[in-house]
Structures are given as structure tokens and as C-alpha cells.
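The structure appears below as C-alpha cells.
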Protein chains: 2
Amino acid sequence: MVVMNRQDAADLSVNSSDRIFLRYKDRHAICILNISSNGVKGELGVYKEVAKRLGLVQGATITVEPARHPESMDFIREKVNGERLTPWKIQRIVGDVVERHLSDIELAAFVTALHIHGVSMEEVEALSRSMVWSGKTISFNRSPILDKHSIGGVPGDKTTLLVAPIVAAAGYTIPKSSSRAITSPAGTADRMEVLAPVNVPFDEIMGIVQRVGACIVWGGSIDLAPADDLFIRVEYPLSIDPLLLPSIMSKKKAMGSTHVVVDIPVGVDAKIKSTAEAEQLASDFIELGSRFEMVIECAITEGSQPIGYNIGPILEAREALETLAGGGSHELVDKAANLAGILFEMMGHENGKQMARDIVAKGKALEKMREIIEAQGGDPEVEPEDLVPGKHFYDAPAPADGRVLLFNNRDIVKVARAAGTPAAKGAGIQLFAKIGDKVEKGKPMFRVYSDSASKLETAVKQLEALRPVEVGRKVGDDMLKKRIGKPTAPTREFILER
Amino acid sequence: MVVMNRQDAADLSVNSSDRIFLRYKDRHAICILNISSNGVKGELGVYKEVAKRLGLVQGATITVEPARHPESMDFIREKVNGERLTPWKIQRIVGDVVERHLSDIELAAFVTALHIHGVSMEEVEALSRSMVWSGKTISFNRSPILDKHSIGGVPGDKTTLLVAPIVAAAGYTIPKSSSRAITSPAGTADRMEVLAPVNVPFDEIMGIVQRVGACIVWGGSIDLAPADDLFIRVEYPLSIDPLLLPSIMSKKKAMGSTHVVVDIPVGVDAKIKSTAEAEQLASDFIELGSRFEMVIECAITEGSQPIGYNIGPILEAREALETLAGGGSHELVDKAANLAGILFEMMGHENGKQMARDIVAKGKALEKMREIIEAQGGDPEVEPEDLVPGKHFYDAPAPADGRVLLFNNRDIVKVARAAGTPAAKGAGIQLFAKIGDKVEKGKPMFRVYSDSASKLETAVKQLEALRPVEVGRKVGDDMLKKRIGKPTAPTREFILER
């Protein structure tokens, strides 16, 4: 971006968003033009990045001329007009995204067109490959490389904190690059960060994985697919996610994964609403995997309520440790054993789920988790009771006698975020009852934690407005779900997780 | 827009593009969040506009909290997902566009979705009405109010400079609000500005039109449809123009037009390529007009080569004056008489074209033009010879003996813009031969003017690369038009005129 006075732009016959060519001594740069009415004639405003690239100093005189727009803009226009893009064209677009040659407007048009026209399997493949090429890749010099990925959408899903150590405890290699929360109360990287640093430099990952067979690091620190963050910047405000498949696949490929189990939670309030939708996505994952010589199996999992009893980084890390130690949540150990079990069966074992359960029961998974924590620079002696949530809390009373009938996951997420997650690691929600459990009117049904009294107050206000947990004698007791008397904008929340 | 440090944003659980609520004393504002890694924790960067609105001073302490996103974002998402928008929703979107509540990303997604899914007649109507509501409107307290509009796309089209005075000379009212060039070498406002100021304040237009029956002013100075400029900012880099109809219609409505003739030039290189396409557009214009109680007729006109012999503000103003004086270009007077004639016939006259020709022949149109020039503050005594193009020029020699077979209008535009149009009013191209005219190898075929020797040089380079005029004995002598041996991005240029 470069900012130019309106008159200068007119003299050059260029408009906002046109490209201009800057030349200073023997260096040059092509920038996207931004026209300002306030700019001074004959002066140019450039970002530090550009100044650095050109070796500019304040007051320097530079040569400016109109430049051709990048070819990738023509290809974006083709996609907008409904054409299928060839791999070569997709590579040019992704390359220009990473080089910051495209403006927000152009990027938004591309992502919108991908969403509307759909992305063919050939395009998904090309997008994935281009995203791999534009970032770093790791080769661990061993095979197989296992991985587990969840497409997300269910709060409290700390399953990776169990699957990675279970799989590594069986002697397999599972280098997990994970993400931070975008719209959720915690991403795997946020949870793991409670136990150990996740911002692990690229060069150290290799050693860690060779020593302990696993890692759980933040993908952002290793620059695996830099295009992805740039696409997310645009997908997020538009609440569309056409790049889900290439985003996930490119990261798996960059980590050299050979066998992957993909978790697809299904629930009315999850990202995927129906089994049919999940099956379609699973087929796409599997086919895409085969194009990358990667064996993929998918698990459609229960996604109607939070996983386990805890939501928020510290609370979730604590529950994961408790569960690895043999206590904790039945759901959580069942889900982790199922997913790890699928990986084991892909490796030729029989009854993988039981094998995974045994690894947990014998304490081997906890032991491995402590090795991973230590390898990443955390305290291997950490115990669940060391993990203390925010000091402010509020107990939400059950509104009636009866049973928990329904969780509105998206409202749970809103309350948890209002309480301060994911940045405030001690914030979150602890559930005392889940679907089917009895509750008593006025008795605590769940507890909201926060590090800050004012955030707790905001969260409680949200809670009272949203009532995210439904209680009744049985489903259907009250047939009316919502009454609408005037046109309203539907409340749609968007789940963006990677 | 407000810029916040990454850590502060994390503490608030907000992401880039989220809305945040700023409160300072008793004032407040909702801004679009921009996250910066360079920002200082606890500090906020705001634009002058926002600071002014809140009465902020440097160093002031303000309250910041997350805000709901504007409802219009939900409606944009609906359009992205292929839904038809109700008038109410469209009004909310246009309102938020004008209030700057939407980011470039959101605006780009909306415009892209309009382009891909198409815009229904109901949506066009609602967009037009919303654009009228969001700007100023003029009421001249008389009827009928006539108007002429060209959808553009042909270089050198100075027809409005003839139609307005012809129509006003017959006693009718024709207040023309016109636009400046966006991608062309000259817009009507640029041409008229050679003869008189076009930046006429809103309050003065009424008086001018009441006195002389016409004006030719720049629409931008009277804030008729402020949403339009904001949409154009996004349409331009994307090279799509889904808002053509509402943009034009809203401006006609804001001027109170009752009878409009719309010029639709057709040619391979014009905006509209085929008669069928032109007929569709004409039907849409007519139907849309009826929804606004506006009588519209359309004229499909010859658009295969520049209109007349001159391209560029000064050259075109000169040609218009010459033609009004009875000399000048046959094409130009024919086109103007046809369009004015349609308006006369809409008023009940017979043989409108002849009536228009007579008005020119008797000097009444020129006389009226001088009145308009004087009313807007120009020199009514101006003569064609007072209008002097740039002092640097280059005569392009005919490449062979033969006849002019073809103009590549888009390449003509590129050369004219390289020479400095539209900002440099003296820049442009004067043609010595048009389609069918004989040329002699090496003799001047056209002349490129510029105010600057270096721009002329650039224009000549363009000229030599593009060869925008084809010469041959007859069409089909050389059957090969272009040979393509390797994949190339097709050269598509985009015409954006309003």
C-alpha cells in the first residue's frame, strides 16, 4: 500500500487500487495505490515494509509510474465469473496473496466467489499444494507420520491433549501442529500453552519429535501455511469458510503426515449439522488425501454438547490431565480412545480402541504427556490441582427441577468469551450437569470463571439474556421453542476453527 | 476504523474486522477493528473523523467494549448465499455503506455476490431508491424534466455537450449531472470543465436551470448518490459493475427526471458487445423507469469507433463547439440529433431528429450553449480556436497503403490515458481518418497530444506496442488476427463509466 495525493494520482491517470511502480536507486517495488484527499501534493506515504525494501529515507525523491495489475487479478475475475481455475492460476493467486500483492477487496472477491461457485476437487488440490509451497515444510525422516485433526465446532474439545500422548506412547510419531482459538473459547494451542510453551521454533520441533515421538505446538510459530492466516482475515468477517479443506490439508502435508484421522463432530449447534453433510465432507477428505498419498479416515462424533465438563484453557488442560490420570471425563476418554484407536487400526492393530484405553489405564499416556510437556519446556511434574482457574466465579442456578435437555453451544461459547477466554486462560465454564442429568431448581448447574470481576459481570449478563442450557422434564414437554412476531435478522453465529 | 494492539484485542476477545464500541464522556462511536502488532498496549489509534466525533484529545482515556456487528452484514451474507434481498434489507445495507459502517472486505463480498447471483428487478429498484434516500435530491418545480444518459464505453463521445443545448433551445428543461472519467480519457464533466466550472454548488443549480433551462455540472459536487462512489471504489479493482442500473437510475431520480433517453453504444470494443445484450439492458431500463414513474426510451447506437475525430477534454470540447457552430463532425451531429429527436418525439413532436438538426443549423443550440457556459461561470465568447491542446504531439504514420478497417477502442483509450488524459486536459488524440477512409503509408493517420514530453514518449511507446488502428485493403485480406503459442492471460480491459 502506498498513499498518494488525489491530484498526483490524477496526473498519473491512476485510480485507487491501481498498482504503481516505485523506483529508488537500483531497487523497486510494486504497491497498491490508496488515494488520500489529505495527502500533500508531491509526497508519498509508504509503509515501513516498503521503505525498508527500497532503502528509503524520509524526504528521498523517488520515481513513480503506473504498473500493470498482477495477473492473478485476472484469474480472480475468472473465478468470480464462474470459471474453474487451473492449478497454475491458483498457484499464482496464492503466491500473490502471500506476497501481499492483492488488496482486501480482491481477496474478499476471491473468497466470496469460491464460496458461491464452490471449489472443485482439482481446485482444492491446487489450493492445498499452493499453500504448502508458499510456506515451510518439515521432514522427520521417518514413516509413518500420524496425525489427528478436528474440524472443530464443539466447545471443550480437548481430545488432542489425549490422542497425541496415547499414540506416541504406542511408539508412533505424531507431531501435532495446532491452532489458537479464532471464534471459540480455546484452541488446542491455547490449552497446551497452560502446560508448556507452544511457540516452539521450527528447528527445535524436529529434536522434540525425535526424542519423544510427539509434540503439540502452535502452527503459527512455524509458518507452515502463511496464506491461511491471510485468507482467514477475510473469511472471518464474511462468516464463510470455503478454504476449510485446503487449509487443513496443506498443514498436514507440510508436516509430512502419512496417516490422519479427521474428527467431524455433528450436532445442531456444531459446525456440521447433519450426518449427510459430515459424510460428504469425509469423502472429500479421503479423496483429497489420496491425491497427496496420505491415508485418511474420518470419525463422525457426537457434537450436541460440550466435550467433558470444562471449557476454557486452564479448565480444559486440568480435565485433560485428570482424564489421562484415569479419572476425569468418560466422554473424553471414550472420544480419545476411539480416535487413537482408528489410527492404531490404520497401522494394522486389532481392536485399536481397547489398545488406546489400555495405554491410558496403565498410565503410559500420562507418562508420555509429561515427556511432551518437558520436551517443550513445561513443568513435567504438573498436577491437576496446580491448574487454578480465575478467582472470580458465578454459579448459574438451574431454572427448574428436571433434567438438562439441551446445550446451546454457541451461547455457551459467547458466555465463555465474555468471561475472557481464550486470552484469559483462567476464564471458562465448568459444567455440573450434562444432557440427561438431573438438576434441582436454584441449585448450581454450571460455574462461570473469570480473572476479572467486570468480565464476569458481562458474562453473567450474557448468560441471563441467552439461557444457554435448557432444562425440562423431557424433550417435548414444552413444544414452543421460540415465538417470532416481527421480522428479525436470524441469529447466526459463525464457527471458524482450523 | 480503529487500530488496537494485538494483546488488547485478545484481552477483549475480539478479532480484526469485529466492531468495537468506543465511549468518551457522553459520546460514542462504533468502529471496525484493525489489529496491529506494532501498536502500543493500552493505546488506540483512531482516524481524525472518529476523534472529532468523540471530541477526543491526544492522551485521553476512553472506554472500549465489543459491539455487535451491523445487521446489514447478515443481509450481505444472505445475498452471498444466493437469497433475494427485500427492499428493507437493501436499505439497511446502503445506509450502512454511506455511514461507513462496512469494511472493504464486506463491501467487496456484497458487490461480488450481486455480480454472481445477479440482481432482480425488485432489488435494482430497492437499490436505486436506497441510493436516492442516502443522498440529496433536487426539485425544479416544473415538469417535464428531460435527461439524456449514455452508458458509455466509446471514446470521444461528447454528445451530451450538444444534446443539452439542443433540448434547452427548444424550451425544455434538461439539468445534466454528469460524471468524470474513471477509466476513459474524458467524462462529460471533464469536457465541460474546459468551457466552464462544473463544480457548481447545489443551491446555484436551481437558479441556473431556471434561467437557461439546462446545466452540465459534475454530479460529484452535489452529493446526489453518495453510495455510488463507495460502490465504485470496490467495483473498479474487481472490474465488475453490477450496480450500473441503480447507479444511473438513482441519479436520474435525484434530479427529478421525468423523461430520459438512454444511449447504449454497441460495438466489439464497447461496453455492450451485441444488439441482444443492448436490447436486454434497454428493457431493464424501461421497466425500471416505469417503477419510478419515469418515461424512458433507449437508443442503440454505433459504437465501433470513437465518436467524431477527437479524444481528450480540450480536443472534445473544441469539436463540440465546432459542431454546434455547424461544422465539426457529421457523426456527432447525427448522434446528437437522434438522441435529442427521441426526447422531442417523447414530448409529442413529429420528426424530432429534423427538429434537432434545424435547431443546430439555425445556431440556436450554439447560442444556448453559450448561455449555459455563462450561467456556470465560463466565458460565453469562447471560440474553438481558443481551445488549444497540449504543445507536444506525435503524428502516427499509417503502417500501409489502404483503408482504416478497425479501431481498437480500448487501446486508443490506453494511449490517450498514457498521454495524460483525463487530468491533463490538453492531452488526447486527434484522428485524421476513420473507418473506411483511405490512408497512405507513412502519412499521418492520427496525432497524439500531450502537455508533457515524457508522457508523450510513454504514449508513443504504448502506441507502437498496441497498434490500435488496423489498416488494410479490405476486411478479410489478412484472415489471421492473432497467433497464440503459449497460455496467456487474456487482455481484458474494463470500462467503468457512469
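The values are calculated or read from the model by the stated rules, or taken from the named source; none is laboratory data. Model, not experiment: these values are computed from the prediction. Here Cβ is always computed from backbone atoms with ideal geometry, including for glycine, and neighbour counts include all displayed protein chains. Calculation scope for accessible area: heavy atoms of the full protein, side chains included, ligands and nucleic acids excluded. Shrake-Rupley method; radii C 1.70, N 1.55, O 1.52, S 1.80 Å.
What distance in nm separates the two pseudo spin-label positions at residue A:483 and residue A:7, each 7 Å out from Cα along the beta-carbon direction?
Reported label-point gap for residue A:483 and residue A:7 is 6.6 nm.
Give the span of the stretch B:340-391's Cα atoms along each principal axis, as three whole-Å numbers ordered largest to smallest.
Projected onto its principal axes, the Cα set of the stretch B:340-391 covers 45, 24, 19 Å.
Using only the Cα atoms, what convex hull volume per residue in Å³ does the stretch A:105-147 have?
115 Å³
Taking each pair of different alpha-carbon atoms in the protein assembly as shown once, compute 1/r for the pair, average those values, and report the inverse of that mean as the Kirkwood hydrodynamic radius in Å to one decimal.
So the Kirkwood estimate lands at 31.9 Å.
With 21 Å as the limit, write out which pairs from B:391/B:425; A:136/A:252; A:89/B:486; B:353/B:425; A:335/A:362 have Cα-Cα distances beyond it, or answer none.
B:353/B:425
Could you sort out which of A:251/A:364; B:52/B:253; B:368/B:455; A:438/A:482; A:158/A:434 sit more than 26 Å apart by Cα distance in this structure?
The answer is A:251/A:364; B:52/B:253; B:368/B:455.
Let's see if you can work this out: charge +1 on each Lys and Arg Cβ, -1 on each Asp and Glu Cβ, no other charges. What is the dipole magnitude of the protein assembly as shown about its Cα centre, in debye to the nearest 20?
Roughly 460 debye, rounded to the nearest 20.
Please sort by residue number the GluC sites (Glu not before Pro) in the stretch A:282-364 whose DSSP state is loop and whose Cβ has at most 14 other Cβ atoms within 10 Å. Don't jump to the answer; show the numbers that get you there.
On the way: sites: A:287, A:293, A:297, A:302, A:316, A:319, A:322, A:331, A:345, A:350; in loops: A:293, A:350.
In loop regions of the stretch A:282-364 (DSSP not H, G, I, E or B), the sparsely surrounded GluC sites (Glu not before Pro) are A:293, A:350.
Could you look at the stretch B:106-253 and say what percent of its accessible area is carbon and sulfur, using a 1.4 Å probe and all protein chains?
C and S atoms contribute 48 percent here.
If you take the beta carbon distance between residue A:283 and residue B:30 as r and set R0 to 35 Å, what does 1/(1 + (r/R0)^6) give as a FRET efficiency, to the nearest 0.05?
Rounded to the nearest 0.05, the efficiency is 0.25.
Pop out the carbon and sulfur fraction of the accessible area of the stretch A:294-373 as a percent, whole number, probe 1.4 Å. Display every interim value, and only then the final one.
Working: 1350 of 2910 Å².
The computed percentage sits at 46.
Using protein chains only and a probe of 1.4 angstrom, how many square angstrom of residue B:333 are accessible, to the nearest 10?
The accessible area comes out at roughly 20 Å².
Taking a ≥ b ≥ c as the square roots of the Cα gyration tensor eigenvalues, with a/c under 1.5 meaning rounded and otherwise prolate when a/b beats b/c, else oblate, which class fits the stretch A:225-321? Intermediate results must be reported in sequence, preceding the final value.
On the way: a/c = 1.39, a/b = 1.28, b/c = 1.08.
Verdict is rounded for the stretch A:225-321.
Write down the accessible area per residue of the stretch A:265-330 in Å², having rolled a 1.4 Å probe over the full set of protein chains.
With the other protein chains kept in place, the stretch A:265-330 gives 38 Å² per residue.
Taking the Cα centre of the stretch B:374-429 as the origin, how large is its charge dipole in debye, to the nearest 20, when only Lys and Arg (+1) and Asp and Glu (-1) carry charge on their Cβ atoms? Let's see the in-between values first.
Working: 6 positive and 9 negative charges, 121 e Å.
Using Cβ point charges on Lys, Arg, Asp and Glu, the stretch B:374-429 gives about 580 debye.
For the stretch B:390-498, give the percent of accessible area contributed by carbon and sulfur heavy atoms, probe 1.4 Å, rounded to a whole number.
Carbon and sulfur: 52 percent of the exposed surface of the stretch B:390-498.
Taking the Cα centre of chain A as the origin and placing charges on Cβ (Lys, Arg +1; Asp, Glu -1), which of A:365, A:57, A:495 is farthest toward the positive end of the dipole?
Farthest towards the positive pole: A:57.
Which percentage, to the nearest 5, of the DSSP beta bridges contained in chain B is antiparallel?
55 percent
Kirkwood Rh over Cα pairs of the stretch B:394-498 into Stokes-Einstein at 37 °C, 0.692 mPa s: D in µm²/s?
So the translational diffusion coefficient is about 222 µm²/s.
Taking each full run of DSSP H in chain A as one helix, which ones are at least 15 Å long along their axis (Cα atoms) and have mean Kyte-Doolittle hydropathy of at least -0.5?
On the way: long enough: A:87-98 (16 Å, 0.27); A:104-117 (19 Å, 1.06); A:121-133 (18 Å, 0.02); A:202-212 (16 Å, 0.61); A:226-238 (20 Å, 0.11); A:244-254 (16 Å, 0.08); A:275-291 (24 Å, -0.26); A:313-324 (16 Å, 0.18); A:330-346 (24 Å, 0.51); A:364-375 (16 Å, -0.38); A:453-466 (19 Å, 0.09).
Both cut-offs are met by A:87-98, A:104-117, A:121-133, A:202-212, A:226-238, A:244-254, A:275-291, A:313-324, A:330-346, A:364-375, A:453-466.
List every residue whose amide H lies under 5 Å from the amide H of residue B:309, counting only residues 5 or more places away in sequence or on a different chain, with H placed 1.01 Å from N in the peptide plane.
Counting only residues 5 or more places away or on other chains, the set is empty.
Counting only residues 5 or more places away or on other chains, whose amide H sits under 5 Å from the amide H of residue B:451 once H atoms are built in the peptide plane?
Close amide H contacts, sequence-distant or interchain: B:427.
If you take every DSSP beta bridge whose two residues both sit in the protein assembly as shown, what share of them, in percent to the nearest 5, is antiparallel?
If I count the DSSP bridges inside the protein assembly as shown, around 55 percent turn out antiparallel.
Scattering from the C-alpha atoms of chain B alone, worked out with Debye: what is log10 I(q)/I(0) at q = 0.08, 0.11 1/Å?
Taken in order of the listed q values, log10 I(q)/I(0) reads -0.57, -0.99.
Using only Cα atoms, what Kirkwood radius does the stretch A:1-129 have, in angstroms?
This gives a value of 16.0 Å.
For the stretch B:1-158, what does the accessible surface come to per residue with a 1.4 Å probe? Please give it in Å². Please list the in-between numbers first.
On the way: 7260 Å² over 158 residues.
Result: 46 Å² per residue.
Treat every Asp and Glu Cβ in the stretch B:375-492 as -1 and every Lys and Arg Cβ as +1, leave all other atoms uncharged, and give the resulting dipole magnitude about the Cα centre to the nearest 20 debye.
980 debye
Filter the chymotrypsin sites (Phe, Trp or Tyr not before Pro) in the stretch B:384-418 to those in DSSP coil with at most 16 other Cβ atoms within 10 Å of their Cβ, and list the result.
Here no chymotrypsin sites (Phe, Trp or Tyr not before Pro) fit, given the DSSP loop and packing criteria.
How many square angstrom of accessible surface are buried between B and A, both sides summed, with a 1.4 Å probe and rounding to 100?
3800 Å²
How would the stretch A:257-413 be classified by its alpha-carbon gyration tensor: rounded, prolate or oblate, with rounded meaning a/c under 1.5 and the a/b versus b/c comparison settling the rest? Walk me through the numbers before you get to the answer.
Working: a/c = 2.00, a/b = 1.16, b/c = 1.73.
Since a/c reaches 1.5 but b/c is at least a/b, the shape of the stretch A:257-413 is classed as oblate.
Based on alpha-carbon positions alone, could you give the equivalent ellipsoid semi-axes of the stretch B:293-334 from the gyration tensor, as √(5λ), descending, whole Å?
Numbers: eigenvalues 108, 35, 25 Å².
One finds semi-axes of 23, 13, 11 Å for the stretch B:293-334.
Keeping every protein chain present and rolling a 1.4 Å probe, give me the accessible area per residue for the stretch A:340-498 in Å².
Heavy-atom SASA per residue in the stretch A:340-498 reads 54 Å².
Of the options B:463, A:10, A:185, report the single residue whose Cα projects farthest towards the positive end of the charge dipole of the protein assembly as shown (beta-carbon charges: Lys, Arg +1; Asp, Glu -1).
The residue sitting most towards the positive pole is A:10.
Need the per-residue list for the stretch B:100-119: every residue with at least 10 Å² less accessible surface in the complex of protein chains than in the chain by itself, probe 1.4 Å, sorted by number.
B:104, B:105, B:106, B:108, B:109, B:112, B:115, B:116, B:117
Provide the gained length on full extension for the span residue B:464 to residue B:49, in nm with one decimal, where the gain is 0.36 nm per separating residue minus the Cα-Cα distance.
Working: separation 415, 0.36 × 415 = 149.40 nm, distance 4.72 nm.
That works out to 144.7 nm of additional length.
Divide by every residue of chain B the summed helix terms, -39500 (n - 2.57) for each DSSP H run of at least 4, and state the resulting mean residue ellipticity at 222 nm, rounded to the nearest 500 deg cm²/dmol. Before the final figure, lay out the partial values.
Numbers: 18 runs with 204 residues, N = 498.
Per the formula, -12500 deg cm²/dmol.
With the Cα gyration tensor of the stretch B:114-225 giving a ≥ b ≥ c as the square roots of its eigenvalues, does the rule (a/c under 1.5 for rounded; else a/b larger than b/c for prolate; else oblate) give rounded, prolate or oblate?
oblate
Which residues, if any, in the stretch B:236-257 lose at least 10 square angstrom of accessible heavy-atom surface (probe 1.4 Å) when the other protein chains sit next to their chain rather than the chain being alone?
Buried by 10 Å² or more upon assembly, which counts only protein chains, are B:236, B:237, B:238, B:239, B:240.
Please report the Cα spread of the stretch A:303-359 along all three principal axes, rounded to whole Å, starting with the longest.
Per principal axis, max minus min of the Cα coordinates gives 36, 25, 16 Å.
So which trypsin sites (Lys or Arg not before Pro) in the stretch B:142-183 are both in a DSSP loop and have at most 15 other Cβ atoms within 10 Å of their Cβ?
Passing both the DSSP loop test and the Cβ count: B:142.
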